[in-house]
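The values are calculated or read from the model by the stated rules, or taken from the named source; none is laboratory data. Only a predicted model underlies this, so the values are computations on that prediction, with no experimental measurement involved. Positions of Cβ are generated from backbone atoms using ideal geometry, with glycine treated the same way; all protein chains shown enter the neighbour counts.
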Amino acid sequence: MAESIRIKKEDLGFFAAQAAFMIFAVIRFYDRSFVPMRNMHFDRLLDKKTACMGCAVYFFVILLFSLVSLAHAREEKKKQVAFLLTAMSVVFVPAFLPENYLGVIDMYSAILGFLALMLLHCKYADRFAGILIFLMIRWDITSAFTWGIWLLAYTFYLTYRDRESVSEEPSGGKKIALAFATAMFVAGCAIPRGGNTSWDRAFEPRYELTSTQGIITLIFLIPFAVLYLRLLYHLASEMRRFMPRLSYYCLFFAALLGFTVWYLKGDLYRAILYLAGESILGMLVLVQGERLRGYELPASHKSIWDSSRWVRVFLLLYLVFVMFFFVYGRPLLLEEQLLKY
């Protein structure tokens, strides 16, 4: 049964800190994404203003998702959830602020993706998540291999994770949500498309990571991959039956599929964005899972979850460095001035 929402002062404090980080991200890209707007042709300027309004909605949905996630988390899991929401913000907040990705269709797919995740928090509203999956695929077919597949994997996980334990929520409702989401996914992919829409043509990305940057970034992200895989492996190994165990692994393979699709398309920027972002979301939903409420990991698997605050801060700063300096572009503004000295 879905938990009642409990918003506390600490949750609002996190909300304010996340909003401040969004302001910082906008400032960082201000001179290369927003200042050039003053010299644009009027038609192009209208497109850019639409992109800015889309970014505002995108930020608001991320804030709302974080608040809902914290409100649904039990007290013993709040620190882990807050840590993962912060890591998620580092990956997703600046993703669509660089000039060549400002306003791309992926941002609107992400809005629908986070809204779908919020619906999946609820006992009955989760059955409507399939509608959002259908809409994002109709807008952009490539989202079927990123958000679409990952949301299906998450719905599959929600359906089967408790089959070996006593669950407070009947599995029938989850099966209906899974069947409906799958049907909407297939329909979104199968219905013929009438060519590219204006959404697809707007702000075509031009900035690409080099192969060297991509390889260095993936190497630097290995610590987070180890953290995720250890948690995933331990939880899956607790399952004796095939389907519950598979439901855990699907969260990882769904993120890996998104990375593979964009890697083959030659867009390392999106490949790393979706691999890192959906892997962090995978850790988040595992920590929030009903089976994990009050569940203690063995000492050999606790790793970062019970580490000191300074270790978590170091990991977050490390992630900021990797994403901002290797994925989202060259140093900007204050960073450029500091590097001169």
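Condition check ((1) under 20 Å from Ala87 (Cβ atoms); (2) of a type in the set (A, V, I, L, M); (3) in contact with a Gly (Cβ under 8 Å, 6 or more places away or on another chain); (4) crowded, with 17+ Cβ neighbours inside 10 Å) across all residues:
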{"residue": "Ile215", "(1), (2), (3), (4)": "no, yes, no, no"}
{"residue": "Phe224", "(1), (2), (3), (4)": "yes, no, no, yes"}
{"residue": "Leu229", "(1), (2), (3), (4)": "yes, yes, no, no"}
{"residue": "Glu238", "(1), (2), (3), (4)": "no, no, no, no"}
{"residue": "Pro244", "(1), (2), (3), (4)": "no, no, no, yes"}
Given the conditions (1) within 19 Å of Ser211 (Cα to Cα); (2) touching a Leu at 6+ places or on another chain (Cβ under 8 Å); (3) modelled with pLDDT under 85, every one holds for Tyr269 apart from (3)
Would you point out the residue of segment 24-73, among those that are at pLDDT 80 or above and among the polar types (S, T, N, Q), that is surrounded by the fewest Cβ atoms within 10 Å (Cβ to Cβ)?
Thr50
Of the numbered conditions (1) of a type outside the set (Ser, Thr, Tyr); (2) in a loop (DSSP other than H, G, I, E, B); (3) more than 16 Å from the chain's Cα centre (by Cα), Phe128 fails exactly one; give the number of that condition.
(2)
I'm told Phe114 meets every condition in (1) modelled with pLDDT of 85 or more; (2) not in a helix (DSSP H, G or I) except one. Can you identify the failing condition by its number?
(2)
Note on Asp306: of the conditions (1) under 21 Å from Thr86 (Cα atoms); (2) of a type outside the set (Lys, Arg); (3) loosely packed, with under 15 Cβ neighbours inside 10 Å; (4) at pLDDT 85 or above, unmet is (4)
